Amino acid sequence: MVTLALLHTSPVHVPVFDALRDRDHAHLELHHVVAPELLAGAREHGPEAVAAQVGDLLAEAVAGGAGAVLCTCSTIGAVAESQAAALGVPVLRVDRPMAAEAARLGGRVVVLAAVESTLGPTAALLEEESLARAGGEAPLSVETRLVPGAWDRFEAGDADGYIALVARAVEAVTATAPTHGTGVGVVVLAQASMAPAAAAVAATDVPVLASPVLGLAAAARAAAGTGTA
């Protein structure tokens, strides 16, 4: 059995990733680390302010047998990735495969987030993946938008209301489909918790990308490659 550690900043992610594991990656054993204080600290002081805490939590997970780590929080994803060399195992951020797919699709990308602290890191990641794919040129046009009121619903435990607001924002964005090189080409849901909104929106020809499925698949491959059982 291959062990993958997941670093979450909300307990709501645990059943989501367990279900994806059961569906797609039966060989994986998931070790969940839930630390809401990391997001709170990153929102108040910036992601680098929680780097030491992230490093300590990940080191403990690796010492416990994890062959790879997946950070499911987009705000602290870059901080988590930066720990890989010190830990000696792959450390992935859940939104990188999603960003790579957005770069592959190209065009005008609209990033939706419920937490403002996620917008900057996600936009930077999209630019990084775009530059890597285009060999130094940036074909993506990236816009970032906050979904008003969504995070208040999330923190209040109103999951249905949260997803409804995100889905409504997606529908508003995708109402203008790509036409002759204009309009929205891709919608990126910046936070893993927003993923159900992709299935809740009305029919659209615009791709709506979410991170959990793609991120877990990439982490599963990384963990399997370490040979840790």
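Tabulated results
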read-out	value
Hey, Leu38 touching a residue at least 40 places away in the same chain (Cβ under 8 Å), aliphatic (A, V, I, L, M) and buried (at least 22 other Cβ atoms within 10 Å of the Cβ) or not	no
Any hit, the stretch 17-26, residues being under 15 Å from the mean Cα position of the chain (by Cα), touching a residue at least 40 places away in the same chain (Cβ under 8 Å) and open to solvent by less than 10 Å² (accessible area, probe 1.4 Å)	yes
Residue list for the stretch 134-158, filter: modelled with pLDDT of 95 or more, in a helix (DSSP H, G or I) and open to solvent by less than 60 Å² (accessible area, probe 1.4 Å)	Ala150, Trp151, Phe154
Residues (closer than 15 Å to Ala85 by Cα and either open to solvent by less than 60 Å² (accessible area, probe 1.4 Å) or of a type in the set (Phe, Trp, Tyr) (or both)) located in the stretch 41-56	Ala51, Val54, Gly55
Among (1) of a type in the set (A, V, I, L, M, F, W, C); (2) open to solvent by less than 10 Å² (accessible area, probe 1.4 Å); (3) modelled with pLDDT under 95; (4) not in a helix (DSSP H, G or I), the one test that Ala229 misses	(2)
Criterion violated by Thr3 - all others in (1) among the polar types (S, T, N, Q); (2) open to solvent by 40 Å² or more (accessible area, probe 1.4 Å); (3) modelled with pLDDT under 95 satisfied	(2)
Inter-residue pairs, beta-carbon under 8 Å, first part of a helix (DSSP H, G or I) and in the stretch 205-219, second open to solvent by less than 30 Å² (accessible area, probe 1.4 Å) and among the aromatic types (Phe, Trp, Tyr), 6+ apart	Pro212/Phe17; Leu216/Phe17
Test for Arg108: is it over 22 Å from Val213 (Cβ atoms) and basic (Lys, Arg)	yes
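The values are calculated or read from the model by the stated rules, or taken from the named source; none is laboratory data. If you're wondering where the values come from, they're calculated on a predicted model, not measured in any experiment. Reconstructed Cβ throughout: ideal geometry from the backbone, glycine too, with neighbour counts over all protein chains shown. Surface accessibility is based on the protein's heavy atoms, side chains included, excluding ligands, DNA and RNA. Shrake-Rupley method; radii C 1.70, N 1.55, O 1.52, S 1.80 Å.
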